[in-house]
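One structure is given below, encoded as structure tokens.
The values are calculated or read from the model by the stated rules, or taken from the named source; none is laboratory data. Keep in mind the model is a prediction, meaning the values are calculated, not measured. Please note: Cβ atoms are built from the backbone with ideal geometry, for glycine as well, and neighbour counts cover all protein chains shown.
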Amino acid sequence: MTVAICGGGILRTMQDTLSASHHFLLAWYAALPSIATGLTLSLSLIVAIGAQNTFVLRQGLRREHVAAVVAVCALLDIALMTLGVSGLAASLGQYPGALNAIGLAGAAVVGWYGAMALRRALSPQSLRAQWDGAPQPLGRTVWQALGISLLNPHVYLDTVILVGAVGARQPDGMQGWFLLGAGGASALWFATLGFGARLLSPMFARPLAWRVLDLLVAAMMGQIAYSLWVQSTR
């Protein structure tokens, strides 16, 4: 009798586990489009020659406070993206016409960014970072990372407005998955750039690498712009 009860309990536990796994897989499968959109949009916006990427690469080459710099840059991106998506979704959720207008504006901006990436691909540059100099204290390095990130007006256009516009257009319940993709892409990029700086620096110094990268960015931007335009004109 005791054996039968124990066996029945184990069987129910296994059934519950399988049922939970099944529901999780279904939810994950349904969220994949939103995750992919967030990931590709975030990577497309962040992968470019700029002061922030140069600073992260420089710290990686110096092997100085790399974890702190990567964390500051990634967490700032995630916070601003969350502010943009949640703010626009909450304030405009009752006004589909306004969301459509923002979606069309976002499609235009993303398309323009794609055109700029294509233009860069036709005249590629290289990313070089000076990594000599005296060591700096952690506090000063963190303040530099904050300044380079927050004093750049494009960061607000990219994360709060543009990512917010695309995220707010996601189906109900998918904004969190979209942010997972967008924030994960940001964290992955900065971690790769910072901790892999010594390996990546020779590649980033070659214009051909940036030509290929910008062509990929242009393609991803074009696809996102088209998708956003279709969603906003239905």
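Table for the structure above
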read-out: Matching residues, region 178-234, being in contact with a Leu (Cβ under 9 Å, 6 or more places away or on another chain) and outside any helix (DSSP H, G or I); value: Ala205, Thr233
read-out: Among (1) farther than 19 Å from Ala31 by Cβ; (2) touching a residue at least 24 places away in the same chain (Cβ under 8 Å); (3) among the aliphatic types (A, V, I, L, M); (4) surrounded by fewer than 21 Cβ atoms within 10 Å (Cβ to Cβ), the one test that Leu199 misses; value: (2)
read-out: Restricting region 202-234 to residues that are exposed (fewer than 14 other Cβ atoms within 10 Å of the Cβ) and basic (Lys, Arg), the residue that is modelled with the highest pLDDT; value: Arg206
read-out: Tally, over region 137-164, of residues that are charged (D, E, K, R) and either closer than 11 Å to Leu76 by Cβ or modelled with pLDDT of 85 or more (or both); value: 1
read-out: Exclusive hit being closer than 28 Å to Ala209 by Cα, touching a Leu at 6+ places or on another chain (Cβ under 9 Å) and either among the hydrophobic types (A, V, I, L, M, F, W, C) or modelled with pLDDT of 80 or more (or both), set Ala98, Ala129; value: Ala129
read-out: In region 161-177, the residues that are in contact with a Leu (Cβ under 9 Å, 6 or more places away or on another chain) and closer than 17 Å to Ala225 by Cα; value: Ile161, Leu162, Val163, Gly164, Ala165, Val166, Gly167, Ala168, Arg169
read-out: Glu64, sole failed condition from (1) of a type outside the set (Ser, Thr, Tyr); (2) at pLDDT 85 or above; (3) part of a helix (DSSP H, G or I); value: (3)
read-out: Number of the exception - Gly167 against (1) modelled with pLDDT of 80 or more; (2) surrounded by fewer than 21 Cβ atoms within 10 Å (Cβ to Cβ); value: (2)
read-out: Filter result for Thr54 (modelled with pLDDT under 85 and either crowded, with 21+ Cβ neighbours inside 10 Å or hydroxyl-bearing (Ser, Thr, Tyr) (or both)); value: yes
read-out: Enumeration of residues in region 38-60 that are closer than 15 Å to Leu200 by Cβ and either free of Cβ contacts under 8 Å to residues at least 12 places away in the same chain or touching a Gly at 6+ places or on another chain (Cβ under 8 Å) (or both); value: Val56, Leu57, Gln59, Gly60
read-out: Test: Thr192 is crowded, with 21+ Cβ neighbours inside 10 Å and within 22 Å of Thr40 (Cα to Cα); value: no
